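Novice: Let me give you the structure first, and then I'll get to my questions.
The values are calculated or read from the model by the stated rules, or taken from the named source; none is laboratory data. All of these numbers come straight from a predicted model, not from anything done at the bench. Every residue, glycine as well, gets a Cβ built from its backbone with ideal geometry; the counts of neighbours run over all protein chains shown.
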Amino acid sequence: MIEATHLTKRYGATVAVDDLTFTVAPGRVTGFLGPNGAGKSTTLRMILGLNAPSGGAVTVNGVPFAGHPRGLRHVGALLDAQDIHGGRSAHAHLAALARSNRIPPARVDEVLHEVGLAKAARRRIGGFSLGMKQRLGIAGALLGDPPVLLFDEPLNGLDPEGVRWVRGLFRRLAAEGRTVFVSSHMMAEMHQTADHLIVIGQGRLIADQALEEFAARDTSLSVTVKTPDLAALTDALTAEGASVHQETDEVGRVTGLTAARIGDLAHQHHIALHQLTSETSSLESAFMSITAASVDYLAGEAR
């Protein structure tokens, strides 16, 4: 478990992380989302003791990360797949990590096989593609068989097979009761992988809730209705505060009310419904809507 309490980080006059309080629970995949510059990487670095908080605290299983002897046995992390010595082989890199954390040497071959790099174990890392480096970084995170795992943008550079493999890996790790914390900008993958979301903007907490609950906050969702008496249904719905856009004589698109409420109102007014279809909740749409006020870098801004 990861617990942050009033976590704050300042760089001079700039507040990168502002009074964050959240818990990352074991047994589920928790996505960590936010616009560029929101403070996600800084938060991850504070969890790992790489940056010292200006205020507040963060613990891993009740203890600051620095208090865990042989850190890789407690927390595995991938922060930057490119931050690695290109002159070493994949096997040599992991062997050094294993030796420094008193991890059995046999574990190196196990994780290389698990991430699909067994055949490239003796190759120099400098010749690896970004996707291969991501796999090696994941191998390093898994090396100590830790109960807590952190990943910052782990899908960058992976091909479709690799993305599918990582998705299954994260779900398996969570099913084993581990704490899995994943920062990513790939909304479609987060929608398929995460169970819970922590969303920040400009260093502050915006949301801490189940993924489906967060996605349902998308206020742009609409409901398509088909009825032989669209005018009467429109009157009933607008009286409840909904908006109805007429698409044909019998079909309208409704915003502002759920499908269940529309169905109830149609029943109350004795209006026949031939179709009542809700749009699927979109994590990307909800994210864009809810974080709009926290975006620091907008493409195409007027100068």
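Novice: Residue check, VAL15 against (1) farther than 30 Å from GLU213 by Cα; (2) surrounded by fewer than 22 Cβ atoms within 10 Å (Cβ to Cβ); (3) among the aliphatic types (A, V, I, L, M), all met but one. Which one?
Specialist: (1)
Novice: Residue under question is LEU169, and the condition is that it be in a helix (DSSP H, G or I), at negative phi and surrounded by fewer than 22 Cβ atoms within 10 Å (Cβ to Cβ); does it hold?
Specialist: So LEU169 passes the test.
Novice: Could I ask something else about it? Could you check, for segment 189-196, whether at least one of its residues is of a type in the set (Gly, Ala, Ser), in a loop (DSSP other than H, G, I, E, B) and within 24 Å of ARG45 (Cα to Cα)?
Specialist: Yes, some residue in segment 189-196 is of a type in the set (Gly, Ala, Ser), in a loop (DSSP other than H, G, I, E, B) and within 24 Å of ARG45 (Cα to Cα).
Novice: Give all pairs with beta carbons closer than 8 Å in which a residue from segment 201-217 that is of a type in the set (Lys, Arg) meets a residue that is not in a strand (DSSP E or B); count only pairs at least 6 apart in sequence or on separate chains.
Specialist: Here the result reads ARG204/SER294; ARG217/ALA286; ARG217/SER289; ARG217/ILE290, each pair linking segment 201-217 to a residue that is not in a strand (DSSP E or B).
Novice: Return the residues of segment 208-251 that are outside any loop (DSSP other than H, G, I, E, B), hydrophobic (A, V, I, L, M, F, W, C) and buried (at least 19 other Cβ atoms within 10 Å of the Cβ); say none if nothing qualifies.
Specialist: Listed by number, the residues that qualify are LEU211, PHE214, ALA215, VAL223, VAL225, LEU230, LEU233, LEU237, VAL244.
Novice: Look at LEU158 and say whether it is modelled with pLDDT of 95 or more and either assigned to a helix (DSSP H, G or I) or of a type in the set (A, V, I, L, M) (or both).
Specialist: So LEU158 fails the test.
Novice: I've got another one for you. Only one residue in PRO147, PRO154, PRO64 is in the same structural domain as LEU173 (by TED's automatic domain parsing), buried (at least 21 other Cβ atoms within 10 Å of the Cβ) and touching a Gly at 6+ places or on another chain (Cβ under 8 Å), so which one is that?
Specialist: On inspection, the qualifying residue turns out to be PRO154.
Novice: Is one or more of the residues making up segment 35-43 of a type outside the set (Gly, Ala, Ser), part of a strand (DSSP E or B), assigned by TED's automatic domain parsing to the domain that holds VAL199 and modelled with pLDDT of 95 or more?
Specialist: no
Novice: Related question: Step by step: first the residues of segment 186-239, then only those that are under 21 Å from the mean Cα position of the chain (by Cα) and of a type in the set (Lys, Arg), then the one that is farthest from LEU265 (Cα to Cα). Which residue is that?
Specialist: Among residues in segment 186-239 that are under 21 Å from the mean Cα position of the chain (by Cα) and of a type in the set (Lys, Arg), the one farthest from LEU265 (Cα to Cα) is ARG204.
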